[in-house]
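Some notes on the structure that comes next.
Nothing in this text is a laboratory measurement; each read-out follows from the coordinates by a stated rule. All of these numbers come straight from a predicted model, not from anything done at the bench. Cβ atoms come from the backbone with ideal geometry, glycine included; neighbour counts cover every protein chain shown.
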Amino acid sequence: MSFDVYPALYLFAAACFILALKWMSAPATSRRGVITGEFGMLLAVVATLLRHEVVNYEWIAAGLILGSAIGVPLAMLMPMTHVPQRTAISQACGALASALIGTAEYFRQLPHGFTMGALVLETLLGFLTFTASLMAFGKLQEVLPSRPITFKGQNIVNLGILGVAVVLGGSLVLHPENTFIYPIFVLLALLFGVLMIIPIGGADMPTVIALLNSYAGLSACAMGFALDNKLLIIAGALDGSSGFILSIIMCRAMNRSFTNVLFGGFGQLQTTVAGQEARPVRSASPEEAAAILGDARSVVIIPGYGMAVAQAQHKIRELADILTKRGVDVKFAIHPVAGRMPGHMNVLLAEADVPYDKLIEMEDINGEMAMTDVALIVGANDIVNPAALNDPNSPIAGMPILDAYKSRTIMVIKRGMSPGFAGIDNELYYMDKTLMLFGDAKTFTASLVKELGSNHH
Amino acid sequence: MNYEFGFYVFMLAAFLGFELIRKVSPLLHTPLMSLTNAIASISVVGAILISGEKDASTLSRVLGFIAVTAATTNLVSGFLITDRMLKMFKKREPAKK
């Protein structure tokens, strides 16, 4: 009797999502991309509300209002350094939604065959991504220890739990009426999510967050199959492939395999090696460092997670400005895995008003490093560690690094001599041309700025 | 009920996703992740369908309500923070100052 408009709106929404990703490719069009994505999502929600199956609006309205009330402050009040945590918690919400919908759908119709298979996949991925994202959030927020926690036989236990969950899921597909199995299946999926993240160190978070993003997308995709909804399939597949390709990029940037990231327990073995013998290093005061920086012709600043922790990005930009004014050529070198999520450093420096054409990717800047007067390393460690190139036994062997060691002078702003996240000692610190600038990244940079400012006239 | 068709849609969308994402500059990887994270909140569609049903059981209603809330949180915060980040990316120091 009545003509349904929602399929047409869904089609438009899917087109919007595709355009959103297309426009995301360059900074000039990226904001248009977000607006298109928002519009697509609005179309999807409105179209769904218009469907004749939807008759009861109170609970929906309450959920939409409550969700917005949580979502707005989450987005607007989070400092930019906390973007990885926000992404993790938001991912947890999305995955939980997907898992609960699958659960409700299961108890509503106890479906058979293909639909049940899709539901099992949806809830498995949803629940495990939920707890895994919460764990990732805990590690990033440092509520939980961010070093990997490992125990003997961990991988066997983890895979065993996943295996049992999959078998139970399979049995549910064959006999959906065995509802008592379902809660066990859910518990195992939740447990696997927790155990999966425990052995993963903070430095591997960029890969893991990208991978969880992919899982959340695939869960939405499976929901699309269960509900026979093409829009969900398309949006889920876009998200799934995006997360997957990003985690591959991250793995490549570390010269590691997926298996190594997920099962490697990376970074807990070397902790005992560091700090056995105190080797001499050269350190410098802010005055000395400022004098060298002021006389340099070219300076490359290499930021790492330490810059984010110290919230030093604004002071770093001031330093870059003051050097530029004195005629120094200042650039920023960005390693793909610097920070705790893909592109983390770019966002922080953009927040501090560093123009993005000053942010140079690793492949493009490495050729210039030998001609650089000063490489200023701020809170980065493993991504400039020459052991990756020289020491085949190093845990980071083969990882592409920023060639800071080639520059004429190396300055490292660092709190103390403690090893980096992977717990590996860094040869760079002991080189003759290296000056260690001990102190908090923000305070030290501020004193550099002060020195250079007062020298100027 | 045509699953085969669904798989074709999935395959095409996944390939398209790979091609589109590969072109994204590493500069924008963080906003890209929050955008795709926001798009994954499309599960709000399923959540609305579950909660809005005519004779839904209490279980469905409660699960649906939590799902709508969680998906909306993901949706709203995902899109807002993506935009907030992208606003900060500037090519040169703005002329006015």
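Near A:Ser283, the amide H atoms lying under 5 Å from its own belong to A:Met436; only residues 5 or more places off or on other chains count, and H is placed 1.01 Å from N.
Label sites at A:Arg108 and B:Glu19, each approximated as a point 7 angstrom past Cα along Cα to Cβ, lie 3.5 nm apart. Note on the range A:286-456: along the principal axes its Cα atoms extend 47, 33, 29 Å, ordered by decreasing extent.
The mean number of Cβ atoms from other chains found within 10 Å of a Cβ in peptide A:244-255 is 2, as a whole number.
Give me the Kirkwood hydrodynamic radius of chain B, using the inverse of the mean 1/r over all pairs of distinct Cα atoms, in Å to one decimal. Intermediate values should be presented prior to the final figure.
Numbers: mean 1/r = 0.0610 Å⁻¹.
Over chain B, the inverse of the mean reciprocal pair distance is 16.4 Å.
Taking each residue as 0.36 nm, the span from A:Val46 to A:Ser257 lengthens on full extension beyond its C-alpha to C-alpha distance by 71.7 nm. Across every direction, the projection of the convex hull enclosing the Cα atoms of the range A:178-260 has a mean area of 6.4 nm². For chain B, the mean residue ellipticity at 222 nm estimated from helices alone is -24500 deg cm²/dmol, where every DSSP H run of n ≥ 4 contributes -39500 (n - 2.57) and the total is divided by all residues, rounded to the nearest 500.
Multiplying the residue separation of A:Val167 and A:Asn390 by 0.36 nm and removing their Cα-Cα distance gives an extension gain of 75.7 nm.
Adding -39500 (n - 2.57) for every DSSP H run of four residues or longer, then dividing by how many residues chain A holds, sets the calculated 222 nm ellipticity at -19500 deg cm²/dmol.
Taking the centroid of alpha carbons for each part, the range A:194-247 and the range A:378-418 are 32 Å apart.
Most exposed first by the Cβ proxy, i.e. fewest other Cβ within 10 Å, how do B:Phe65, A:Phe107 rank?
With the sparsest Cβ surroundings first, the list reads A:Phe107, B:Phe65.
A simple charge model with +1 on the Cβ of Lys and Arg, -1 on the Cβ of Asp and Glu and nothing else charged puts the dipole of the range A:56-263 at about 560 debye relative to its Cα centre. Its Cα gyration tensor gives the range A:73-200 an equivalent ellipsoid, and the semi-axes of that ellipsoid, as √(5λ) in whole Å with the largest first, are 29, 20, 8.
Order these by the 10 Å Cβ neighbour count, fewest first: A:Val354, B:Val9, A:Val281.
Ascending Cβ contact count within 10 Å gives the list A:Val281, B:Val9, A:Val354.
Using the structure shown, list the pairs from A:Lys414/B:Lys91; A:Lys450/B:Lys90; A:Lys414/B:Lys90; A:Lys406/A:Lys450; A:Lys325/A:Lys442; A:Lys358/B:Lys90 with a Cα-Cα distance above 19 Å, or answer none. All intermediate terms of the calculation are to be shown ahead of the outcome.
Values: A:Lys414/B:Lys91 30 Å; A:Lys450/B:Lys90 26 Å; A:Lys414/B:Lys90 29 Å; A:Lys406/A:Lys450 28 Å; A:Lys325/A:Lys442 21 Å; A:Lys358/B:Lys90 10 Å.
Beyond 19 Å between Cα atoms: A:Lys414/B:Lys91; A:Lys450/B:Lys90; A:Lys414/B:Lys90; A:Lys406/A:Lys450; A:Lys325/A:Lys442.
Between the listed residues A:Cys221, A:Ser90, A:Gly71, the Cα displaced farthest toward the positive end of the dipole of the protein assembly as shown, a dipole computed from Cβ unit charges relative to the Cα centre, is found at A:Gly71. Counting only whole DSSP H helices of chain A, the ones at least 24 Å long by C-alpha along their axis and with mean Kyte-Doolittle hydropathy no lower than 0.0 are A:6-23, A:27-50, A:58-77, A:83-109, A:113-140, A:154-174, A:181-197, A:205-227, A:230-254.
Taking amide hydrogens as placed 1.01 Å from N in the peptide plane, the amide H of A:Ile377 sits under 5 Å from those of A:Ile302, A:Met411, A:Val412, A:Ile413, each at least 5 positions away in sequence or on another chain. Shielding of peptide A:20-29 by partners, expressed as the average count of other chain Cβ atoms within 10 Å per residue Cβ, is 6. Of A:Asp403, A:Asp4, A:Asp329, B:Asp55, the sequence from fewest to most neighbouring Cβ atoms within 10 angstrom is B:Asp55, A:Asp4, A:Asp329, A:Asp403. Calculate I(q)/I(0) for the range A:130-170 by the Debye formula, one identical point scatterer on each C-alpha and no solvent, and give its log10 at q = 0.32 Å⁻¹ to two decimals. Those come out to -0.96, one per q. Length gained on full extension, A:Ala291 to A:Arg279, computed as 0.36 nm times the residue gap minus the Cα-Cα distance: 1.7 nm.
With R₀ fixed at 56 Å, the C-beta to C-beta distance from B:Ser57 to A:Glu363 puts the FRET efficiency at about 0.50.
Spatially, the range B:37-58 and the range A:278-331 are offset by 51 Å when compared through their Cα centroids. Shown here are the Rg and Dmax of the Cα trace of the protein assembly as shown, at 24.8, 85 Å.
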